[in-house]
Amino acid sequence: MASIKVLFYLRKSKTNRFGSDPIYMRVTVSGDRFETATSYTVDPAKWSQKSCRVISNNKEAKELNNLLDALRAKVYDIQKTLLLTNQEITKDVFGKLWFGVKEPSKMLLGIFKEHNEQIKALINIQYSLATYKKYLTTFDHTANFIRELYNKTDIAIEDIKYKFITDFEFWLKTKKKCNQNSTVKYLTNFKKIIHICTKNGWLLRNPFAAHKMIKEDTQRPYLTSAELDILHAKDFSSERLRQVRDIFLFSCYTGLAYIDTQKLTYNEIVTGIDGEKWIITTRQKTEAASRIPLLPTAMAILAKYKGHPACIVKNRALPILSNQKMNEYLHEIATICSINKKMTYHTARHTFATTVTLTNGVPIETVSKMLGHRNLKTTQHYAKIVDIKISEDMKALKYRMQREV
């Protein structure tokens, strides 16, 4: 932390015609001096250079000492402001604040746009295309909100207050017809931009500090053991549907999300401590590690597509299509198999967590590690689903037992 020292002294070379010397202030910032006149003068005979104060006890002397104390307090207020905003404390920065020289305001959408360009540059390195599109949509909503409510094309960062957040939340729900969870997702994306501003010292107070975002519990569709059996057994006439079915089943038995399946290579399939094959990878969404022992079904699917032309060209373990195409074909597969659920690729991940692992007695802590969850609470949602299934099964059992009595 930069040190700041304050000293008041008389500039004897500028004695006025009444014999008084002007009082100057010297602020030393880590060895660099900033000096300025205070606009006050004093009789040199009444000045103590040791204490940097007027030594007379009359009313005029007390008032002058109070004014000097106020200047000293202003110096330390500036130091406090710089510390709170994580700004470097230098002589030049201090001088600008002392004389009230304001830097041009940082604009919200400009910062947001720069953030999105960085995300775009990191697609398939740190972020997925879906993540980039998510931030683009949030940017568009933010820009439209500012235009409609403020009649502006952008807004200064310092003008983002708590009311801006609550108004934006209300606008998303009423104008864009977003449900609670969609609103929370957009606000979470926007919150990241606000964090960038606070960390850089462009925003003194976080407007999200008193704002709570609560997601509603939603049903996460998953396949039952019977439905998995139907998928396994179904003989599709189309090679395209067979391939989509196989890769979907691979994720049902590994828990990998689409993006992690799409980028999976054989470098991430290694021999584990038990001598069996494991997937050891890093989730693209959270950058959390996933360590997944491979089940026989997953191993068989990997073997089936090893040497597939698309795998060789792209150096990938599986010939997966785009997420959009996969979901289109999965909808078709669900219809053919009479599975009356909204089946998307992410259904496979839910199926792994519930039907394949938790329902078969795998501890929730183990499931959490394999899914690459950073927080056990995220995995506990699946445990609730399993509890509901247990309750339904027990009710059915009670009903059968009562009929037999």
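In debye, nearest 20: dipole of the chain around its Cα centre with unit charges on the Cβ of K, R (+) and D, E (-)? It would help to have the intermediate numbers written out before the result.
Numbers: 65 positive and 39 negative charges, 182 e Å.
About 880 debye.
Among His346, His211, His373, what is the fewest-to-most ranking by other Cβ atoms within 10 Å?
With the fewest neighbours first, His346, His211, His373 line up as His211, His346, His373.
Around Tyr266, with a cut-off of 15 angstrom between Cβ atoms, what is the net charge of the other residues, counting Lys and Arg +1 and Asp and Glu -1?
Working: positive: Lys263, Lys277, Lys304, Lys306, Lys314, Arg316; negative: Asp260, Glu268.
After counting each charged neighbour, the total is +4.
If the label point is 7 Å along Cα→Cβ of Glu276, which residues in region 244-269 have backbone nitrogen under 18 Å from it?
250-256, 269
I'd like the orientation of helix 180-199 relative to the chain: the angle between its Cα long axis and the longest Cα principal axis, in ° from 0 to 90, rounded to 10.
Result, in degrees: 40.
Give me the dipole magnitude in Debye, nearest 20, for region 108-199 about the Cα centre, with unit charges on the beta carbon: positive for Lys and Arg, negative for Asp and Glu. Let's see the in-between values first.
Numbers: 16 positive and 9 negative charges, 68 e Å.
Dipole of region 108-199, to the nearest 20 debye: 320 debye.
If each of Glu148 and Asp77 carries a label point 7 Å out from its Cα toward its Cβ, how far apart are those two points in nm?
About 4.0 nm separates the two model spin labels.
Going by the alpha-carbon gyration tensor, a ≥ b ≥ c the square roots of its eigenvalues, is region 225-397 rounded (a/c under 1.5) or, if a/c is not under 1.5, prolate (a/b greater than b/c) versus oblate?
Values: a/c = 1.76, a/b = 1.12, b/c = 1.56.
Since a/c reaches 1.5 but b/c is at least a/b, the shape of region 225-397 is classed as oblate.
Place a +1 charge on the Cβ of each Lys and Arg in region 225-397 and a -1 charge on the Cβ of each Asp and Glu, then give the dipole magnitude about the Cα centre in debye, rounded to the nearest 20.
The dipole magnitude comes to about 460 debye.
Once you have the Kirkwood Rh of region 4-98 from its Cα pairs, apply Stokes-Einstein at 4 °C and 1.567 mPa s and quote D in µm²/s.
Once the numbers are plugged in, D ends up at 91 µm²/s.
Place +1 on the Cβ of every Lys and Arg and -1 on the Cβ of every Asp and Glu in region 4-98, take the dipole about the Cα centre, and give the residue among Ser51, Val27, Ala73 whose Cα lies farthest towards its positive end.
About the Cα centre, the residue reaching furthest to the positive side is Ser51.
P(r) for the chain, please, calculated from all Cα pair distances in 10 Å bins and given in %.
P(r) over the chain, rounded to whole percents: 4, 15, 19, 17, 14, 10, 8, 6, 5, 2, 0, 0.
Work out the charge dipole of the chain with +1 on the Cβ of Lys and Arg and -1 on the Cβ of Asp and Glu about the Cα centre, then indicate which of Asn181, Met343, Ile301 is farthest towards its positive end.
Of the candidates, Asn181 comes out farthest on the positive side.
Where in region 333-405 are there trypsin sites (Lys or Arg not before Pro) that are in a DSSP coil and have at most 15 other Cβ atoms within 10 angstrom of their Cβ?
Filter output for region 333-405: Lys341, Lys342, Arg374.
Hand me the trypsin sites (Lys or Arg not before Pro) from region 142-179 located in a DSSP loop with no more than 15 other Cβ atoms within 10 Å, in residue order please.
The qualifying sites are Lys152, Lys161, Lys175, Lys176, Lys177.
Testing the spin-label approximation: label points 7 Å from Cα along Cα→Cβ at Lys212 and Ala226. State their distance in nm.
4.1
If we count GluC sites (Glu not before Pro) as exposed when they sit in a DSSP loop and have at most 12 other beta carbons within 10 Å, what is the longest stretch of the chain that avoids them all?
That gives 89-215 as the longest site-free run.
Just to be sure I understand the model, the point goes 7 Å from the Cα along the line to the Cβ. What's the resulting Asn360 to Tyr9 distance in nm?
Result: 8.1 nm between the two label points.
FYI, it's all coordinate maths here, none of it is from the lab. Because the structure is predicted, anything quoted here is derived from the model rather than measured. Every residue, glycine as well, gets a Cβ built from its backbone with ideal geometry; the counts of neighbours run over all protein chains shown.
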